[in-house]
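Below you'll find the structure, written out as structure tokens, and then a few comments.
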Amino acid sequence: MASRPADLRALAALDPAWRPWIGKLPRYPGFPDLSHPRQRTHYDALAGAIVYQQLSGQAAATIWGRVRDLTPGRHFPRAPELLALAPKTLRGAGLSRAKVLALRDLAARIAAGRLELARLSRMSDERVIEQLVDVRGIGTWTAQMFLMFRLARPDVFAPGDLGLREGIRLLDGRRSAPDERAAERR
């Protein structure tokens with residue numbers, strides 16, 4: 001969903017602080033291509049969010065590849081495959097104990113039908129967040145990023161996002177970025 005002039009005019013009407021910035025901002029090209037090889041499915045996107053947390057991209061990609069190589073094929077282990085792997089094996093691939101627990105929780109919920117990923121695209125933003133934050137290792141920010149970048153929901157506001165709060169700081173000419181509560185009120 002690329003930005004359109006009408007959308008930008010509506011934003012400027014809602015919030016005059018945007019007016020001087022709109023002409024300076026590059027055209028937003030739309031949401032990322034969802035065909036990234038690491039994220040072919042909703043499951044891959046969520047597993048990737050867990051694996052990549054708090055790591056450099058290179059380190060996380062290495063671990064992702066090691067875990068992927070634990071099962072046949074060129075895909076990250078599907079839920080039943082992941083559950084069949086011993087936690088020790090997953091740890092040997094470089095995953096932390098917390099990430100092993102989180103990935104196994106995600107896989108167990110999917111395998112048991114308690115998390116139906118195919119239904120997420122038909123749920124409200126709030127319901128998707130509720131479903132996802134129940135999974136160990138997935139918090140509100142991760143669920144909001146999933147909404148924006150996997151489900152391509154255009155109207156998600158993530159006050160916990162440091163980049164967004166820094167943008168508010170610049171937009172409002174503040175000395176420091178607002179906290180989450182102040183960003184939400186903004």
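Every read-out reported here was derived from the displayed coordinates using simple, explicitly stated rules and does not represent laboratory data. Just so you know, these numbers come straight off a predicted model, no measurement behind them. So basically every Cβ, Gly included, is an ideal-geometry build from the backbone, and we count neighbours across all protein chains shown.
Summary table
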quantity	calculated
Additional length obtainable on full extension of the chain from His75 to Leu162, 0.36 nm per residue less Cα span	28.2 nm
Candidates Asp44, Asp15, Asp125: whichever shows maximal mean-square fluctuation once the chain is modelled as a Gaussian network with Cα springs under 10 Å	Asp15
0 to 90° range, to nearest 10: angle between helix 162-172 axis and the chain longest Cα axis	0
Mean separation of Cα contacts under 8 Å, 6 or more apart, over the residue count of the stretch 42-149: relative contact order %	26
Average projection area in nm² (convex hull over Cα atoms of the chain, one quarter of hull surface)	12.0
In range of the label at Gln54: residues from the stretch 84-104 whose backbone nitrogen is under 14 Å from the point 7 Å along Cα→Cβ	95-103
Rounded to 10°, Cα long-axis angle of helix 97-111 versus longest principal axis of the chain	90
The chain: angle of helix 5-14 to the longest principal axis, Cα-based, in degrees nearest 10	70
MRE, 222 nm, helices only [DSSP H, n ≥ 4, -39500 (n - 2.57), over the chain, to nearest 500]	-15000 deg cm²/dmol
Karplus 3J(HN,Hα) series, Hz, for the stretch 54-71 with 6.51 cos²θ - 1.76 cosθ + 1.60 (x for Gly, Pro)	6, 10, 5, x, 5, 5, 5, 4, 5, 5, 3, x, 5, 5, 4, 6, 6, 10
For q = 0.12, 0.15, 0.16, 0.26 Å⁻¹, Debye-computed log10 I/I(0) when each Cα of the stretch 43-124 counts as one equal scatterer	-0.33, -0.51, -0.58, -1.37
